[in-house]
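Reviewing the structure listed below.
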Ligand SMILES: [Fe+2]
Ligand SMILES: [Fe+2]
């Protein structure tokens with residue numbers, strides 16, 4: 001088995017990288033498109049296990065062609081059995097109707113958001129699997145609750161074979177067009193917090209929600225934490241990130257400050 005040990009300057013930004021690989025299992029980051037200037041940049045991930053695939057937050061309408069093109073380098077669309085959506089935001093899930101039309105996958109999303117899906121143009125909900133608040137399983141993968149981080153109905157996914165936690169918006173960073181990189185470890189963690197702080201203080205609900213998440217994450221055997229925006233935490237960067245989040249004041253903790261008082 002092996003993990004991607006490339007430095008940030010070696011990463012293939014456009015085509016993506018295999019983050020973890022063993023005999024029959026791959027956890028893949030699908031790369032960033034050239035056309036994302038002005039948009040919130042998003043990370044999409046594909047897990048390939050044997051002949052079957054799982055997509056994690058495959059994203060909105062705008063990036064659909066790029067994601068399809070990178071996915072099909074690894075697997076036929078008809079072999080995708082699960083598609084996971086961590087929450088209801090458009091950057092996560094506005095592509096649901098298109099993914100339903102090009103795959104025969106089961107789609108997993110929080111029970112809280114199932115009844116909102118017809119607003120994305122989905123009339124047939126028969127392939128939608130609502131996820132309970134307590135989480136559950138999606139095949140071999142663990143679905144873990146991460147409510148209020150930031151959405152009130154939010155889940156993340158742990159792959160126990162790759163030991164990678166797909167983290168939805170938790171750990172998101174906002175890059176400038178000129179300065180993007182894939183990995184965070186102890187060498188660049190401190191400067192990376194400046195790119196995370198604004199999002200986490202304003203979008204996450206409270207320090208109570210952060211502490212609940214950190215406690216759940218610390219119970220896992222983790223080699224990487226992979227967010228939906230920004231960079232992937234590895235090595236010492238994992239503990240540094242969890243400790244940073246555990247001490248963060250955000251959302252309702254600082255509501256007066258947010259409201260400009
Ligand atoms: Fe979000
Ligand atoms: Fe997001």
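Quick check on the exposure proxy: order 242, 204 from fewest to most C-beta atoms within 10 angstrom. Before the final figure, lay out the partial values.
Numbers: 242 19, 204 24.
Ascending number of Cβ neighbours within 10 Å: 242, 204.
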- [ ] Only Cα pairs under 8 Å and at least 6 apart count here; give the relative contact order of the chain as a rounded whole percent.
- [x] 14
Task: Per-residue Cβ neighbour rank within 10 angstrom, fewest leading, 240, 196 - done: 240, 196
Task: Span from the region 192-261 Cα centroid across to the region 18-87 one, whole angstrom - done: 24
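Taking the alpha carbon gyration tensor of the chain, what are the square roots of 5 times its eigenvalues, largest first, to the nearest whole Å? Display every interim value, and only then the final one.
Working: eigenvalues 134, 100, 66 Å².
Output for the chain: semi-axes of 26, 22, 18 Å.
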Open item on the list: How large is the direction-averaged shadow of the alpha-carbon convex hull of region 102-199, in nm²?
Closed with: 8.8
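Hey, could you get me the Stokes-Einstein D for region 67-117, Kirkwood radius over alpha-carbon pairs, 4 °C and 1.567 mPa s, rounded to whole µm² s⁻¹? Please report the intermediate quantities before stating the final value.
On the way: Rh = 11.6 Å.
In µm²/s, the coefficient rounds to 111.
What list do you get for 4, 210 if you sort them by fewest beta carbons within 10 Å? Before the final figure, lay out each step's value.
On the way: 4 19, 210 25.
Ranking 4, 210 by Cβ neighbours within 10 Å, fewest first, gives 4, 210.
None of the figures in this text is laboratory data; all of them are computed from the coordinates on show. Everything numeric here is computed off the predicted structure, so don't read it as measured data. Because the Cβ atoms are built from the backbone with ideal geometry, glycine has one as well, and the counts that use them run over all protein chains shown.
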